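Some notes on the structure that comes next.
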Amino acid sequence: MKLKKHLGQHLLVAKGVLERIVEFLELQEEDIVVEIGPGTGNLTKEILKKNFKELHLLEIDPQMVEILHKNIQEERVFIHKEDATKFNLCSLGENLKVVGNLPYNVASLILENTVFHHSCIPMAVYMLQKEVAEKIQKGASWLSTFVRTFYRVEYLMSLPARFFVPPPKVQSGLIRLSRREELPNLDLMDYKSFLVGLYSMRRKALKNKVPETILLKAGIDPMCRVETLEPDRVFMLYNMLQKNER
């Protein structure tokens, strides 16, 4: 079977790691699980050893979908030929545990889609490029702040390339997103636009992007740069600007 480079297909084959990923999901009997990019079903088979309610597999590659139908025949499993960057995850249930070895070329889009569906996803465990995983956990970017506004991010483990077939050119990192208890009620598209604008041209002082009066009221130095702010401070700025515009 030839893997498709344009889909970023790297199959995780290390059995010990697959078992650890399932452990990190902390599965319960009533859980509805969603696996993104199951490929040939290596992680799927480990998940199926646990007790849970349903497992939904989202796979965009028709060849892989065919293989999954042949390899995975279990009444708890539902296979969907879908693009996880756009799929309405909440259509599968109200409380989902999402897991996946994400293709590097679309991992950011899947993270973004997870946030857009945070209301039905209390937990997600994702394998990403190590550098991306570290940035999501503690970096300064619009996406990291977008994710961390709604989720606590734990960096769980690093994985060398030899654990994958074919081996990628970079190391991988596993993260877990746990939804925050107190969630802001806001327009997600508007908040995303605000963050993208705020983190663009990041060498510029904040006073070039946000009115000085708002910054001073928030106790933020107008000359500082956006990467010095924690996500909570960024969200506070967004709220203050919203109130100022009313």
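Structure above, values below:
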read-out	value
Members of the stretch 42-63 found to be free of Cβ contacts under 8 Å to residues at least 40 places away in the same chain and out of contact with any strand residue (DSSP E or B) (no Cβ under 8 Å at 6 or more places or on another chain), listed by number	K45, E46, K49, K50, N51
Residue ID - farthest from the chain's Cα centre (by Cα), chosen from residues in the stretch 148-189 that are assigned to a strand (DSSP E or B) and among the aromatic types (F, W, Y)	F164
Test: residue in the stretch 175-198 that is of a type outside the set (K, R), within 21 Å of P122 (Cβ to Cβ) and touching a Lys or Arg at 6+ places or on another chain (Cβ under 9 Å)	yes
Any hit, the stretch 229-246, residues being of a type in the set (K, R) and at pLDDT 95 or above	no
Hits in the stretch 132-142 - residues which are touching a residue at least 40 places away in the same chain (Cβ under 8 Å) and either surrounded by fewer than 23 Cβ atoms within 10 Å (Cβ to Cβ) or not in a helix (DSSP H, G or I) (or both)	A140, S141, W142
The one condition in (1) touching a strand residue (DSSP E or B) at 6+ places or on another chain (Cβ under 6 Å); (2) buried (at least 16 other Cβ atoms within 10 Å of the Cβ); (3) under 19 Å from V106 (Cα atoms) that V170 fails to fulfil	(2)
Condition check for P211: more than 16 Å from the chain's Cα centre (by Cα) and surrounded by 13 or more Cβ atoms within 10 Å (Cβ to Cβ)	yes
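The values are calculated or read from the model by the stated rules, or taken from the named source; none is laboratory data. None of these values were measured; they are calculated from a predicted model. Virtual Cβ from ideal backbone geometry, glycine too; neighbours counted across all protein chains shown.
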